[in-house]
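The values are calculated or read from the model by the stated rules, or taken from the named source; none is laboratory data. Since this is a predicted model, take the numbers as computed values, not measurements. So basically every Cβ, Gly included, is an ideal-geometry build from the backbone, and we count neighbours across all protein chains shown.
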C-alpha cells in the first residue's frame, strides 16, 4: 500500500474536520479517517499526528491514536478473544481484533489462551494477520553481536534444555536452564546478554551480564543498600542462596564476589562467622 505504512505508526497531516472525525493526508491512498473517539483535544486541520493505520471492518484504511500491543514485523504474546470457522481473533489492543487463520496455527487456538505470534501483512489479501508459526519469521541472517551485548528478550517456550527466546524481535535464541535463576513464563519480556553466537546463527543468552560486569554492578548495588540501611546488611557467606536471591536477585557466587570487591577496597567489614556486613565508618 503506497503512501502509508499499513500496520505501523505513520506521521500524517490533518486535512479536514467532519462530524465523525478528522481526515488525514494518506498520500497516494487518499484521505484516511481518524474517528472522533481518537481525535486529540484541540486538534485542527494542519496539525501533524502520529497514528497507527490498519484496516477497518470493511477493509478500508483507518487511523487511530492508540498503540497496539504489536505492529507489523513484531512478535507478541496475545490472548485469543474469540474463534470462528475461519480462525482465531486476538486482542491486540484495538477495536478490531487481529486475525490468525487456522493455517497459521500450530494447534487449534482456544479462546482465553495466549500465544506467541508474529504480526505481518498477508501477501494475498494484504490484511494484517498473525501467525503462531514463529520459526518461519525469525531472521536467517548471521547476528553480529559481540560477547556480552545487552539485548531485549521475549520468552517463547520452555524446552528440555531451557527456554527458547526471541532476541531483539528478530533472532532465535536459548537460555539454558542452568542459567535461569528466576521464574520465567512464556510472554515475559526482559533484558539479556549474548554469551555465544552459534555457527547456525542461533544465540546463547545469559540473563546475567558477564561475570566481571555483574560483580561491579552488584558491588555498587550492595554499597547503595548499605547506605540506605544504616550501614548494615544481615547477609553473608553463610546465608542461603535463596535468601540472597530474594533480597538482591543475584546468585550466591555473584554476591560473594561483590562483597569481596568492596572488602578489598576497605569499604566494608565482615562480621565474624560470615553472618553480616557493615559499612566502614568514614
>> If I filter segment 233-250 down to residues being surrounded by fewer than 19 Cβ atoms within 10 Å (Cβ to Cβ) and touching a helix residue (DSSP H, G or I) at 6+ places or on another chain (Cβ under 7 Å), which single residue comes out as modelled with the lowest pLDDT?
In response: 237
> Any idea which of (1) crowded, with 18+ Cβ neighbours inside 10 Å; (2) in contact with a strand residue (DSSP E or B) (Cβ under 9 Å, 6 or more places away or on another chain); (3) closer than 17 Å to residue 148 by Cα; (4) modelled with pLDDT under 90 is the one residue 210 doesn't satisfy?
Replying inline: (1)
> How about segment 158-191: which of its residues are in a loop (DSSP other than H, G, I, E, B) and over 14 Å from the mean Cα position of the chain (by Cα)?
Replying inline: 159, 160, 161, 180, 181, 182, 183
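Test residue 70 against the criterion of being in contact (Cβ under 8 Å) with a residue 40 or more places away in the chain and not assigned by TED's automatic domain parsing to the domain that holds residue 39, and give yes or no.
yes
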> Hey, residue 217 hits all of (1) touching a helix residue (DSSP H, G or I) at 6+ places or on another chain (Cβ under 9 Å); (2) at pLDDT below 90; (3) part of a loop (DSSP other than H, G, I, E, B) but one; which does it fall short on?
Replying inline: (3)
> Is there a residue in segment 143-162 that is modelled with pLDDT under 90 and surrounded by fewer than 17 Cβ atoms within 10 Å (Cβ to Cβ)?
Replying inline: yes
>> Let me confirm something: among 49, 6, 78, which residue is over 30 Å from residue 157 (Cα atoms) and surrounded by 13 or more Cβ atoms within 10 Å (Cβ to Cβ)?
In response: 49
> Going by the structure shown, is residue 228 within 24 Å of residue 184 (Cβ to Cβ), under 36 Å from the mean Cα position of the chain (by Cα) and at pLDDT 85 or above?
Replying inline: no
>> Of everything in segment 200-250, what is free of Cβ contacts under 8 Å to residues at least 12 places away in the same chain and under 13 Å from residue 276 (Cβ atoms)? Give them in sequence order.
In response: 229, 230, 243, 244
> Quick one: which of 194, 155, 151 is under 21 Å from residue 114 (Cβ atoms) and part of a strand (DSSP E or B)?
Replying inline: 155
> Restricting the search to segment 247-281, which residues are touching a strand residue (DSSP E or B) at 6+ places or on another chain (Cβ under 8 Å) and part of a helix (DSSP H, G or I)?
Replying inline: 259, 262, 263
